[in-house]
Amino acid sequence: MRDLIIIGSGPAGLTAAITAAEHGLDILVIDEYLKPGGRLLGQLYEEPGGNWWNGIEESRKLSERAGALGLDIRLGVSVHNIEQENGSWLVYTDRETFEAKSLLLATGAAEAPVAIPGWTLPGVMSVGAAQVMTNVHRVKPGQKGVIIGVNVLSSAIAMELHIAGIEVAAIALPKNNRVNGSAAIPTEVMNALLHVSHMAPSAFVKMGSKLMKNEFMKKMGITFYPKNGVRMWDIPVMLRKAVIRIEGTDQVEGVTLATVTADGKVISGTEEVIGCDFVCIAGGLYPLAELAALTGCPFYHIDELGGSVPLHSEDMRTPLDGLYVAGNITGIEGAKVAMSQGKTAALSIAKDLGKDIAEASLSEAIRQISSTRSDAHIQFHQDVEVGRRKLQEYWEQHATGKRNILV
Amino acid sequence: MTDRDMIVCRCEEVSYGELVDTAGQFACNSRELKLRTRAGMGYCGGRTCRSSVDAIALAAAERDNTQITLKYQPPVRPVHFGDLGAISND
Amino acid sequence: MTERILDHPVLGALEPDQTVTFTFNGMTYEGRDGEPIAAALLAAGVRTLRHHEESGTPRGIYCNIGHCFECRVEVDGQQGVRACLTPVREGMVINGGGPLPAPVRDWRKNHA
């Protein structure tokens, strides 16, 4: 029987696989995508100092290290169920069923939508879909697009589309309704952006120099925010206009925008149509934890982590024997944090399987997760550290409860 | 297309109007809203619309942070009957 | 019309690849061997991959990474295949699905 199955070959899964292989574990990595790298694949942004973070290159480096270690990575394999039986883990896939002593879930994140009339039309896609089409498959999602939803992810991907020579006619808010919540409220979106600007990559600093670091803008806030938006890499970022409808019969032909009040109400008579052939929906990311949920692992909904996350410790153990988590399944953060979590998980797994792992190297790996987090150029949620502390408290409560039962 | 006609669950084509009305009429939590409307019960297993269904239901009921609002059940991907099979020994 | 990004200022030139021929709904298309079916079709200007089983509304890629199943098509007779993560190969026969018969619903419409 194998020592370890890792589900997900993104930054967390691959880093874990490499670390675990270096400690002599027998590993199988499974991923449903056709290339290794996960969400890392599409990433492309300029870091302060002028270096480019090229997700395709980073994925290639990880894959090459994995290849050199002779790792067994199966792509295009979908897992539909997992079970713990007689102390080992069974992983059911569309090919065959695999078995191992331990299981690491590194399934990453999924995109949440915003709901806009017309969003089922061909040509409407999640913003991540446009990113992958552009950077990974090198096919333009269209000639001219509109992005609905103003947040860290959509701004970063808008820039990537721009670099690839794809026209982004506007980044605008979604219309206010019960689904879209605060993402449709100009003042709330403005505040969220102001927070991320402090730790943002150069792309945001550039945007910030115009918009967010400007004291006048801050004071005047959203009230005097230009109705036609502030330009970021030539793309109008509209915080006072919302897409109220996507137009088209057989596919996307345009969007209807309207000016909204500071609290998101549509001002009638302000409607205008922008022609475009694709639309990106940017509702943010949430941890894709479905496989963990099948195991009965306790879950906690923590807004700062992006949704419901499986209970886990700083060393990436869950309360279930032999089950570990790493990467965005534990909360929405950047790829570098995912990598350091993957390394930590692998060390915990090796230790639990009886390998000689010094306590110091495990605690150093945990410390590296925190330092990577503090140094991160992209922070998806301003209070991610608060979220991490909340989860740690739940973990300690859980551990105390377990001890009390044992006593 | 009006807001009421807007699709929320793409797989089962459940509209915003139907979800809001049902949530209002029965003061549903997410799970009940899903069972009454079929939102989130289609091909994708609710991966796309779960946050939207949650948001509509949360207008009527408060979130319990210790529970996943819409339960996951195996299989989490559609499975062909022919693929349900043996354990590998490799 | 969409097109391929042949030169990218950061990612460089698109590496040459084998061309494959496949059919979609009876029409013949070319793609790069091993790229996802959805990418090959989009590069050929095809956005609509299927029509909803009940309403018949057109659908294309949505999430592009296998989560949403909106891009499911029939490939060489196999149904429910995700075009976004299935590599296109020489000679593939691909069909987008359409509305399915719903006799009970239709009966109720006429009799209820």
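Just for the range A:15-51: of the residues that are within 16 Å of the chain's Cα centre (by Cα) and of a type in the set (A, V, I, L, M, F, W, C), which one is farthest from residue A:98 (Cα to Cα)?
Residue satisfying both the conditions and the ranking: A:44.
So, of the residues in the range A:53-106 that are part of a loop (DSSP other than H, G, I, E, B) and modelled with pLDDT of 95 or more, which turns out to be farthest from residue B:75 (Cα to Cα)?
Among those residues, the one meeting the criterion is A:69.
Any chance you could count how many residues in the range A:78-97 are among the hydroxyl-bearing types (Ser, Thr, Tyr) and facing chain B (nearest Cβ under 8 Å)?
3
Would you mind finding the one in A:349, A:369, A:357 that is outside any helix (DSSP H, G or I), among the hydrophobic types (A, V, I, L, M, F, W, C) and either over 19 Å from residue A:192 (Cα atoms) or not assigned by TED's automatic domain parsing to the domain that holds residue A:101 (or both)?
The match here is A:357.
Looking only at residues in the range A:276-288 that are part of a loop (DSSP other than H, G, I, E, B) and out of contact with any Leu (no Cβ under 8 Å at 6 or more places or on another chain), which one is nearest to residue A:327 (Cα to Cα)?
Here the residue is A:288.
May I ask you to verify whether residue C:88 is more than 14 Å from residue B:9 (Cα to Cα), crowded, with 22+ Cβ neighbours inside 10 Å and touching a Leu at 6+ places or on another chain (Cβ under 7 Å)?
No: the conditions fail for residue C:88.
Which condition does residue A:333 not pass, out of (1) out of contact with any Phe, Trp or Tyr (no Cβ under 9 Å at 6 or more places or on another chain); (2) crowded, with 24+ Cβ neighbours inside 10 Å; (3) of a type in the set (D, E, K, R), if it passes all the others?
Of the numbered conditions (1) out of contact with any Phe, Trp or Tyr (no Cβ under 9 Å at 6 or more places or on another chain); (2) crowded, with 24+ Cβ neighbours inside 10 Å; (3) of a type in the set (D, E, K, R), the odd one out for residue A:333 is (1).
When you go through (1) within 11 Å of the chain's Cα centre (by Cα); (2) within 8 Å of chain A (Cβ to nearest Cβ); (3) not small (Gly, Ala, Ser) one by one for residue B:3, which number turns out not to apply?
Residue B:3 satisfies all of (1) within 11 Å of the chain's Cα centre (by Cα); (2) within 8 Å of chain A (Cβ to nearest Cβ); (3) not small (Gly, Ala, Ser) except (1).
Given the residues A:171, A:157, which is the only one that is assigned by TED's automatic domain parsing to the domain that holds residue A:256, in a strand (DSSP E or B), surrounded by 24 or more Cβ atoms within 10 Å (Cβ to Cβ) and among the hydrophobic types (A, V, I, L, M, F, W, C)? Even if it seems obvious, please write down each step before you answer.
Values: A:157 fails: in a strand (DSSP E or B).
Only one candidate passes the filter, namely A:171.
Go through C:83, C:102, C:40, C:44 for me and flag whichever is surrounded by fewer than 15 Cβ atoms within 10 Å (Cβ to Cβ) and not basic (Lys, Arg).
C:102 is the lone residue from the list that is surrounded by fewer than 15 Cβ atoms within 10 Å (Cβ to Cβ) and not basic (Lys, Arg).
Regarding the range C:11-27, can at least one residue be identified that is within 12 Å of another protein chain (Cβ to nearest Cβ), touching a residue at least 40 places away in the same chain (Cβ under 8 Å) and not in a loop (DSSP other than H, G, I, E, B)?
Checking the range C:11-27: not a single residue is within 12 Å of another protein chain (Cβ to nearest Cβ), touching a residue at least 40 places away in the same chain (Cβ under 8 Å) and not in a loop (DSSP other than H, G, I, E, B).
I'd like the full set of residues that are in a loop (DSSP other than H, G, I, E, B) and within 8 Å of another protein chain (Cβ to nearest Cβ), limited to the range A:126-154.
A:137, A:138, A:140, A:141, A:142, A:143
What residue, of A:150, A:139, A:132, A:127, is more than 17 Å from residue C:66 (Cα to Cα) and either aromatic (Phe, Trp, Tyr) or at pLDDT 95 or above (or both)?
On the way: A:150 fails: either aromatic (Phe, Trp, Tyr) or at pLDDT 95 or above (or both); A:132 fails: more than 17 Å from residue C:66 (Cα to Cα); A:127 fails: more than 17 Å from residue C:66 (Cα to Cα).
The unique qualifying residue is A:139.
Looking only at residues that are out of contact with any Leu (no Cβ under 6 Å at 6 or more places or on another chain) and of a type in the set (Val, Ile, Thr) in the range A:303-328, which one is surrounded by the fewest Cβ atoms within 10 Å (Cβ to Cβ)?
For the range A:303-328, the residue satisfying everything is A:318.
Taking the conditions exactly as written (closer than 30 Å to residue C:5 by Cβ, basic (Lys, Arg), modelled with pLDDT of 85 or more and not assigned by TED's automatic domain parsing to the domain that holds residue A:336), does residue A:245 satisfy them or not?
It is true that residue A:245 is closer than 30 Å to residue C:5 by Cβ, basic (Lys, Arg), modelled with pLDDT of 85 or more and not assigned by TED's automatic domain parsing to the domain that holds residue A:336.
Of all the residues that make up the range A:66-88, how many are within 20 Å of residue A:15 (Cβ to Cβ) and either among the polar types (S, T, N, Q) or crowded, with 20+ Cβ neighbours inside 10 Å (or both)?
3
Somewhere in the range A:352-360, is a residue in contact with an Asp or Glu (Cβ under 8 Å, 6 or more places away or on another chain) and at pLDDT 95 or above?
yes
With the requirement that a residue be surrounded by fewer than 24 Cβ atoms within 10 Å (Cβ to Cβ) and either free of Cβ contacts under 8 Å to residues at least 24 places away in the same chain or more than 9 Å from every other protein chain (Cβ to nearest Cβ) (or both), what does the range A:109-125 give you?
Of everything in the range A:109-125, just one residue is surrounded by fewer than 24 Cβ atoms within 10 Å (Cβ to Cβ) and either free of Cβ contacts under 8 Å to residues at least 24 places away in the same chain or more than 9 Å from every other protein chain (Cβ to nearest Cβ) (or both), namely A:120.
Identify the residue in the range C:9-42 that is out of contact with any Gly (no Cβ under 9 Å at 6 or more places or on another chain) and among the charged types (D, E, K, R) and, among all such residues, is farthest from residue C:81 (Cα to Cα).
Only one residue tops the list, namely C:15.
The values are calculated or read from the model by the stated rules, or taken from the named source; none is laboratory data. Source: prediction; values computed, not measured. Note that each Cβ is placed from the backbone with ideal geometry, even for glycine, and that neighbours are counted across all protein chains shown.
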